[in-house]
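Please read the structure below before turning to the comments.
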Amino acid sequence: MLRYLERGLLVIAALALIKFGMAYADNWNSEDTVASFKQQRMLIANNETQLNVSQKVDNPSAEPAAAPQASPAKEPVARSSSELDANLPDMTLWSTQRKSAFDKANKSQPILIAAIEIPSVGVHAPIYHGTDHPQLDRGAGWILGTARLDSSRGNIGIAAHRDGFFRGLKDITVGDEIELATLTEDRRYRVHSLTIVKPEDIHVLASSEAAELTLVTCYPFYFVGKAPKRFIVKAELIERTPLSPN
């Protein structure tokens, strides 16, 4: 009986997570919606804690569970898209082409995995899994092959369009802070370098022993046609706060 109860609680927690992703997939574009995302993460964490406490109370004499064996990282769970009418991103600096692409992407269903904020330059964007058109037309994208967002070290790569979500990077300066929120933790980074490179200079995404973040967008920010260079923001991790229930 206890086994079925535990399975039932796990299913409920999983359904709550999926429902949360569907409800907020289209709304992680402002300070208010990012804050809502963080509140929902806390609710999920609380549910998991209650499940663990229930297991201990119902079976206090049980031996501690053995540490799970390491297994290959799983791909993020897909989050569906829903309404986009509420809390649309600030498109004041966006190009006409980028606004149109965002509108056309309303029906797509990219995988939502995190959110990024840079308060000093007004950047607030959802982060999706991958950097193809469906992802970058809706927000920023995690660059495949770079460190995973939950990695304790390595170089995490995030890309977005220069005439859309990353337009604000034109005003970023060394010393500015970047906030990265995932389903499991909050991270703060401090910008330590800004560079302009050629598209083929992929060394900026090379693996690193340190925990760092690399933001990539096209350059110049205001350019007619395909921008010939890439603007690179490098930041170092200064604080990491695992999500913990109240």
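Each reported figure results from applying straightforward, stated rules to the coordinates on display, with no laboratory input. Given the structure is predicted, the values throughout are model-derived calculations rather than measurements. Backbone-built Cβ (ideal geometry, glycine too); neighbour counts: all protein chains shown.
Under a 5 Å amide H to amide H cut-off, with H placed in plane at 1.01 Å, what residues pair with SER208 once short-range neighbours are removed?
GLY154, ASN155
FRET efficiency for THR184 and ILE238, Cβ-Cβ distance as r, R0 = 22 Å, nearest 0.05? If you can, show how the numbers build up before the last one.
On the way: r = 18 Å, r/R0 = 0.83.
Once the sixth-power term is evaluated, E becomes 0.75.
Please list the non-local residues whose amide H lies under 5 Å from the amide H of ILE143, H modeled 1.01 Å from N, same-chain partners needing a gap of 5 or more.
Amide H neighbours of ILE143, under 5 Å, 5+ apart: GLY157, ILE158, ALA159.
Residue by residue through segment 98-104, what is 3J(HN,Hα) from phi via Karplus (6.51 cos²θ - 1.76 cosθ + 1.60, θ = phi - 60°)? Round to whole Hz and write x for glycine and proline.
Couplings: 5, 4, 4, 5, 5, 4, 5 Hz.
Roughly speaking, what is the stretch gain from ILE202 to ASP171, that is 0.36 nm per residue apart minus the C-alpha to C-alpha distance, in nm to one decimal? Intermediate values should be presented prior to the final figure.
Details: separation 31, 0.36 × 31 = 11.16 nm, distance 2.32 nm.
Full-extension gain reported as 8.8 nm.
Using θ = phi - 60° and the Karplus relation 6.51 cos²θ - 1.76 cosθ + 1.60, list the HN-Hα couplings for segment 121-134 in order, rounded to whole Hz, with x at every Gly or Pro.
10, x, 8, 9, 8, x, 10, 10, 7, x, 10, 7, 4, x
For ASP176, which sequence-distant residues (separation of 5 or more, or a different chain) have an amide H within less than 5 Å of its own amide H, given hydrogens modelled in the peptide plane?
VAL191
Please give the charge dipole size of segment 182-246, origin at the Cα centre, charges +1 on K and R Cβ atoms and -1 on D and E Cβ atoms. Round to the nearest 20 debye.
Working: 9 positive and 8 negative charges, 65 e Å.
The dipole magnitude comes to about 320 debye.
Mind ordering 92-101, 139-148, 207-216 by average Cβ neighbours within 10 Å, highest first?
Numbers: 92-101: 14.0, 139-148: 20.0, 207-216: 17.7.
Going by the mean number of other Cβ atoms within 10 Å, highest first, we get 139-148, 207-216, 92-101.
Just to check I understand the Karplus step: with θ = phi - 60° and J = 6.51 cos²θ - 1.76 cosθ + 1.60, what whole-Hz values come out for segment 156-163, glycine and proline as x?
Result, ordered by residue: 8, x, 10, 10, 7, 6, 5, 9 Hz.
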